[in-house]
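Asker: The structure's right below; bear with me while I get my questions together.
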Amino acid sequence: MTIERLRPEDARSVSDLIGSALRLSCKGDYPERVLEALAGKHTPQYILERANCTHFYVAREDGAVVGCGAVAPHPGRENACALTTVFVRPDCQGRGIGRRILSVLERDEFALSSNRIVLRASITGLAFYRKLGYRFAGGNETPDDDGLYGLEKLLPGGYPLLGLIADRHSYRGAYRPEPVPREHLRAILEAGLAAPSGCNKQTVSLIAVDEPELLQKLRAVIDPPVGETAPAVICVLSRHINAYRDRCFAVQDYAAAIENMLLAIVSLGYQSCWYEGHITDADRIGEKMARILGVPEDFELVCFLPVGIAESKPVPPKKKPFEERAWFNGYGRR
Ligand SMILES: Cc1cc2nc3c(=O)[nH]c(=O)nc-3n(C[C@H](O)[C@H](O)[C@H](O)COP(=O)(O)O)c2cc1C
């Protein structure tokens, strides 16, 4: 089987395939008139129009079209792409064709420059997408007015590094309640542990908290309250270990680990903020948090990072112009 971009001469076969998939595969899930209207809409002309504003792929077996699917940047949602028009010919279903189409779409350049894939799944297709790791967008498990489910999948690594660095901003708004999957929390912790450390002393340790009762206990001691709606929090522990003689790089070590984690957090489609103010000063909030988490005495809890899907966009702060802070070949030189 091959999966390639649609050619104009495929439009008729794709239109027929979609018509038969709607009429046969979706039968029973939607009223006949709805399916007929949808089938009628997917004319060869409509397919060609779709192919003009998407990357439209066709799966072919022995020259015959057996499936299709398209991907496009998602209008209105930065760094997201949308999958549409994914269908497999009814007599070819159950052979992994849909899965292979999805894997091509998820590696398309639109997906590779996104950190999130969204789609609207039919009742018929819901289980298929769920098996491939798609989650209910916003945790909303009810279908919309068209009887379709909003799904999404976060794409770790689908973010060019320099764009990611430029897009990271401190987020201090509310978070959506959906939990952060453990594999994402683990990936964020791993990014933190991968950071450089002075003389490789690895003075940083980390605790991710995602148990609601424990989060509640932590929130009770974080005063003034910040990041209180986040479904997960990463606590950064630092140990005063000298790198050589009396030189200790613990602060530099945890700063590097935190920045790595902030970038990992954004790359996975979440937001965060470096909360260190009030944590280690006279308020001793870090000590109270450490006690709740059973942290041994020789560690200091120096900072915490909320993690979650943001309700709103972070507001980029004003930064001084490049020329005021960076130069080539000497201070202040142009
Ligand atoms: C050491 C350190 C401590 C910080 N502590 C806090 C804090 O307690 N509360 C807060 O809202 N932001 C805190 N921040 C975030 C900074 O305010 C933020 O990085 C800065 O305003 C620049 O904005 P940006 O992160 O969007 O580039 C801290 C940042 C650093 C590096």
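Asker: Identify the residue in segment 101-129 that is among the basic types (Lys, Arg) and at pLDDT below 95 and, among all such residues, is nearest to GLY69 (Cα to Cα).
Answerer: ARG107
Asker: Could I ask something else about it? Can you confirm whether segment 305-312 contains a residue that is more than 24 Å from ALA174 (Cβ to Cβ) and open to solvent by 80 Å² or more (accessible area, probe 1.4 Å)?
Answerer: Within segment 305-312 (the criterion being more than 24 Å from ALA174 (Cβ to Cβ) and open to solvent by 80 Å² or more (accessible area, probe 1.4 Å)), the answer is no, since none of the residues qualifies.
Yes or no, residue by residue, for (1) near the ligand (Cβ under 10 Å from one of its atoms); (2) closer than 26 Å to SER113 by Cα; (3) in contact with a Leu (Cβ under 6 Å, 6 or more places away or on another chain):
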position	(1), (2), (3)
PHE249	no, no, no
TYR254	yes, no, no
ASN260	no, yes, no
CYS273	yes, yes, no
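Asker: Out of all the residues in segment 6-39, which are touching a residue at least 12 places away in the same chain (Cβ under 8 Å) and loosely packed, with under 13 Cβ neighbours inside 10 Å?
Answerer: Those that are touching a residue at least 12 places away in the same chain (Cβ under 8 Å) and loosely packed, with under 13 Cβ neighbours inside 10 Å: ARG7, PRO8.
Asker: When the residues of segment 162-186 are filtered to those that are touching a residue at least 24 places away in the same chain (Cβ under 8 Å), among the hydrophobic types (A, V, I, L, M, F, W, C) and closer than 26 Å to GLU109 by Cβ, which remaining residue is nearest to the ligand (Cβ to nearest atom)?
Answerer: In this case the residue turns out to be ILE165.
Asker: Also, quick follow-up: Of everything in segment 306-326 that's near the ligand (Cβ under 10 Å from one of its atoms) and either in a strand (DSSP E or B) or in contact (Cβ under 8 Å) with a residue 24 or more places away in the chain (or both), which residue is farthest from the chain's Cα centre (by Cα)?
Answerer: In the first step, residues of segment 306-326 are kept if they are near the ligand (Cβ under 10 Å from one of its atoms); the result is 314-319.
Subset that is either in a strand (DSSP E or B) or in contact (Cβ under 8 Å) with a residue 24 or more places away in the chain (or both): 314-317.
Working: PRO314: 15, VAL315: 19, PRO316: 20, PRO317: 23 Å.
By that ranking, first place goes to PRO317.
Asker: If you take the residues of segment 270-289 that are open to solvent by 10 Å² or more (accessible area, probe 1.4 Å), in contact (Cβ under 8 Å) with a residue 12 or more places away in the chain and assigned to a loop (DSSP other than H, G, I, E, B), which of them is farthest from SER205 (Cα to Cα)?
Answerer: ASP283
Asker: Exactly one condition in (1) open to solvent by 40 Å² or more (accessible area, probe 1.4 Å); (2) in contact with an Asp or Glu (Cβ under 8 Å, 6 or more places away or on another chain) is false for PRO73; which is it?
Answerer: Checking PRO73 against (1) open to solvent by 40 Å² or more (accessible area, probe 1.4 Å); (2) in contact with an Asp or Glu (Cβ under 8 Å, 6 or more places away or on another chain), the one that fails is (2).
The values are calculated or read from the model by the stated rules, or taken from the named source; none is laboratory data. Everything numeric here is computed off the predicted structure, so don't read it as measured data. Cβ sites come from the backbone with ideal geometry, for glycine too, and all protein chains shown count toward neighbours. These accessible areas exclude ligands, DNA and RNA; they are computed on the full protein's heavy atoms, side chains included. Shrake-Rupley method; radii C 1.70, N 1.55, O 1.52, S 1.80 Å.
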